[in-house]
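The values are calculated or read from the model by the stated rules, or taken from the named source; none is laboratory data. Predicted, not measured: the structure shown is a model, and the values here were computed from it. Note: ideal-geometry Cβ built from the backbone for every residue, glycine included; neighbour counts use all protein chains shown. To get the accessible areas, we keep the full protein, side chains included, count just its heavy atoms, and leave off ligands, DNA and RNA. Shrake-Rupley method; radii C 1.70, N 1.55, O 1.52, S 1.80 Å.
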Amino acid sequence: QVHIEESGGGSVQAGDSLRLSCAASGRSFRTGAMGWFRQAPGKDRELVATMRGGSIVYADSVKGRFTISRDNSKNMVYLQMNSLRPEDTATYYCAAGARLITSTLRIETAYDYWGQGTQVTVSS
């Protein structure tokens, strides 16, 4: 059984940094995609960043501020978030999929496994 677990959320001030971690167990996603989505209150869930092999996709709103990385030996993905803004406030979800291809990385429904989410709150 696959289990996805996020950690590292919290409450910070604008301009601060946070690092989210996500651990997957139950199967390897070495050749698949692992990434991060977020959902703010009253809004749809949106892609933040995702990674499959050498392909990385970022939302325009986080480019230059957030960095995604993976450790395939540990089946983990990380999201380094710098220069946080109040509009980054959301629940952040880790997602993984073994069958994604580059053209489907932005598609939420292409991810098979999801974590419970971790809250990030940025105050001004």
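Per-residue answers, yes or no, for (1) over 16 Å from Ser17 (Cα atoms); (2) crowded, with 21+ Cβ neighbours inside 10 Å; (3) without any contact (Cβ under 8 Å) to a residue 60 or more places away in the chain:
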{"residue": "Gly42", "(1), (2), (3)": "yes, no, yes"}
{"residue": "Thr50", "(1), (2), (3)": "yes, yes, yes"}
{"residue": "Lys63", "(1), (2), (3)": "no, no, yes"}
{"residue": "Ser103", "(1), (2), (3)": "yes, no, yes"}
{"residue": "Arg106", "(1), (2), (3)": "yes, no, yes"}
{"residue": "Ser124", "(1), (2), (3)": "no, no, no"}
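Looking at segment 59-79, can you tell me whether even one residue there is hydrophobic (A, V, I, L, M, F, W, C) and over 13 Å from the mean Cα position of the chain (by Cα)?
Taking segment 59-79 and keeping what is hydrophobic (A, V, I, L, M, F, W, C), we get 59, 62, 66, 68, 76-77, 79.
Adding the requirement that they be over 13 Å from the mean Cα position of the chain (by Cα) leaves none.
Among the residues of segment 59-79, not one is hydrophobic (A, V, I, L, M, F, W, C) and over 13 Å from the mean Cα position of the chain (by Cα), which makes the answer no.
Would you say Arg85 is out of contact with any strand residue (DSSP E or B) (no Cβ under 7 Å at 6 or more places or on another chain) and of a type outside the set (Ser, Thr, Tyr)? It is false that Arg85 is out of contact with any strand residue (DSSP E or B) (no Cβ under 7 Å at 6 or more places or on another chain) and of a type outside the set (Ser, Thr, Tyr). Ser28 fulfils the conditions (1) under 21 Å from Tyr113 (Cα atoms); (2) at pLDDT 95 or above; (3) open to solvent by 50 Å² or more (accessible area, probe 1.4 Å) except for a single criterion, (2).
For Gly10, indicate whether it is open to solvent by 20 Å² or more (accessible area, probe 1.4 Å) and modelled with pLDDT under 95. Please lay out each step first, then the result.
Details: open to solvent by 20 Å² or more (accessible area, probe 1.4 Å): yes; modelled with pLDDT under 95: no.
In short, no.
Among the residues of segment 108-122, the ones that are touching a Ser or Thr at 6+ places or on another chain (Cβ under 7 Å) and open to solvent by 60 Å² or more (accessible area, probe 1.4 Å) come to 1 in all. Restricting Ala90, Ala33 to those that are surrounded by 14 or more Cβ atoms within 10 Å (Cβ to Cβ), touching a residue at least 40 places away in the same chain (Cβ under 8 Å) and under 24 Å from Gln1 (Cα atoms) reduces the list to Ala33.
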